[in-house]
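Here the structure is laid out as structure tokens; the discussion comes afterwards.
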Amino acid sequence: MKKINIYKGLGLIMVLIFTACEKVIELKLDNAAPVVVIDGGISDQNVVHQIKVSKTYSFTEPNKFNGLSGANVSLAVDGTGSIVFSEVSPGVYQSVRFKGKSGSKYDLSVTVEGQTYKASSVMPARVPMDSLTFKTYTLFGESKNYVAVNFKDPAGVANQYRYILKFKGKVEKDVVSEDRFDDGNKVTNVIFYELNDLIKGDSIQVEIQCIDKNVYRYFYSLGQNTGEGGPPVSPANPPSNFSNGALGVFSAHTSSIRTALIK
């Protein structure tokens, strides 16, 4: 009986200790000055291309697209000409329909609120996707299904890739890779988005983009902030390729898209 009482006493002491250690911490979060954000790109598809211009806002405000109207958005190709983008809704600017070209350098200029922001991107050579396949992995008796992207990496060329997986029109996964260990090889890269909840008749779409090094660094850093591909790092703004402190990224990329049907 004495032992039981001792154990009960120790338990009570431990409860009191942990209770005494509880403390409410109030975080003082300062609002940063609003910053211009520019996102968009040019692809090798014959489509209307889009650039979004917005501004950051206080963390106390609801999540929203804070579009900036009245911007002048133009694009130069290989240092010549000018393609003007027209505003189609607040903060959203579109070009005429045209097709980007691998090897060309694209210089984007955005002037808004009296400041000009510039970014450049060279469109890499296109690497087509061969196929999509499904992979099953079993861990601790539980099987999980994923989709894999298959393609042939060109030898002797530094390549960076971006994979965008969509389900029912919504982006569910957006990751990047480089060919540091796959140069010249047949590549099978698994996109770790669980497909177990999909049913027969569902389809998923995967786009593979060939991107330049600066764009790769941006999306790789963005993934690190959210814990993609490893433990998350201290939050920081991804390295933008825009001048004058604007956030976001401008990408000239090629595109290869395939759709897989769940059977």
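Within region 202-231, how many residues turn out to be open to solvent by 60 Å² or more (accessible area, probe 1.4 Å), under 19 Å from E172 (Cα atoms), at pLDDT below 85 and not β-branched (V, I, T)? If you could, list the steps in order and put the result at the bottom.
Of the residues in region 202-231, the ones open to solvent by 60 Å² or more (accessible area, probe 1.4 Å) are 205, 213-214, 217, 220, 222, 226, 228-229, 231.
Checking the rest, the ones that are also under 19 Å from E172 (Cα atoms) come to 205, 220, 222, 226, 228-229.
From what is left, the residues that are at pLDDT below 85 are 226, 228-229.
Restricting the remaining residues to those that are not β-branched (V, I, T) gives 228-229.
Of the residues in region 202-231, 2 are open to solvent by 60 Å² or more (accessible area, probe 1.4 Å), under 19 Å from E172 (Cα atoms), at pLDDT below 85 and not β-branched (V, I, T).
On the basis of being assigned to a strand (DSSP E or B) and on the phi < 0 side of the Ramachandran plot, does I204 make the cut?
Values: assigned to a strand (DSSP E or B): yes; on the phi < 0 side of the Ramachandran plot: yes.
Against the criterion (assigned to a strand (DSSP E or B) and on the phi < 0 side of the Ramachandran plot), I204 qualifies.
Please go through region 125-158 and give me each residue that is hydrophobic (A, V, I, L, M, F, W, C), exposed (fewer than 12 other Cβ atoms within 10 Å of the Cβ) and either touching a residue at least 12 places away in the same chain (Cβ under 8 Å) or assigned to a strand (DSSP E or B) (or both), ordered by number.
Here is the first cut: in region 125-158, the ones hydrophobic (A, V, I, L, M, F, W, C) are 125, 127, 129, 132, 134, 139-140, 147-149, 151, 155, 157-158.
Remaining after also requiring exposed (fewer than 12 other Cβ atoms within 10 Å of the Cβ): 139-140, 155.
L139, A155 - these are the residues of region 125-158 that are hydrophobic (A, V, I, L, M, F, W, C), exposed (fewer than 12 other Cβ atoms within 10 Å of the Cβ) and either touching a residue at least 12 places away in the same chain (Cβ under 8 Å) or assigned to a strand (DSSP E or B) (or both).
Output the residues belonging to region 159-184 that are among the charged types (D, E, K, R) and more than 10 Å from the chain's Cα centre (by Cα).
Step one: filter region 159-184 for residues among the charged types (D, E, K, R), giving 162, 166, 168, 170, 172-174, 178-180, 182-183.
Passing the criteria: K166, K168, K170, E172, E178, D179, R180, D182, D183.
Within region 159-199, work out how many residues are surrounded by 13 or more Cβ atoms within 10 Å (Cβ to Cβ), under 18 Å from S251 (Cβ atoms) and of a type in the set (A, V, I, L, M, F, W, C).
Within region 159-199, residues that are surrounded by 13 or more Cβ atoms within 10 Å (Cβ to Cβ), under 18 Å from S251 (Cβ atoms) and of a type in the set (A, V, I, L, M, F, W, C) number 4.
Can you confirm whether region 246-260 contains a residue that is of a type outside the set (V, I, T), in a loop (DSSP other than H, G, I, E, B) and at pLDDT below 95?
As a first pass, look at region 246-260 and keep what is of a type outside the set (V, I, T): 246-248, 250-253, 255-256, 258, 260.
Now drop any that are not in a loop (DSSP other than H, G, I, E, B), which leaves 246.
Pick out the ones that are also at pLDDT below 95 and you get none.
Looking for residues that are of a type outside the set (V, I, T), in a loop (DSSP other than H, G, I, E, B) and at pLDDT below 95, one finds none in region 246-260, hence no.
Testing G81 on (1) open to solvent by less than 90 Å² (accessible area, probe 1.4 Å); (2) part of a strand (DSSP E or B); (3) at pLDDT 95 or above, one condition comes back false. Which one is that?
Against the list (1) open to solvent by less than 90 Å² (accessible area, probe 1.4 Å); (2) part of a strand (DSSP E or B); (3) at pLDDT 95 or above, G81 comes up short only on (3).
Considering only region 98-106, I want to know if a residue exists there that is exposed (fewer than 14 other Cβ atoms within 10 Å of the Cβ), farther than 25 Å from S243 by Cα and among the hydrophobic types (A, V, I, L, M, F, W, C).
no
The values are calculated or read from the model by the stated rules, or taken from the named source; none is laboratory data. What you see is a predicted model, and the numbers here were worked out from it, not measured in a lab. FYI the Cβ positions are ideal-geometry reconstructions off the backbone, even for glycines, and counts take in every protein chain you see. Calculation scope for accessible area: heavy atoms of the full protein, side chains included, ligands and nucleic acids excluded. Shrake-Rupley method; radii C 1.70, N 1.55, O 1.52, S 1.80 Å.
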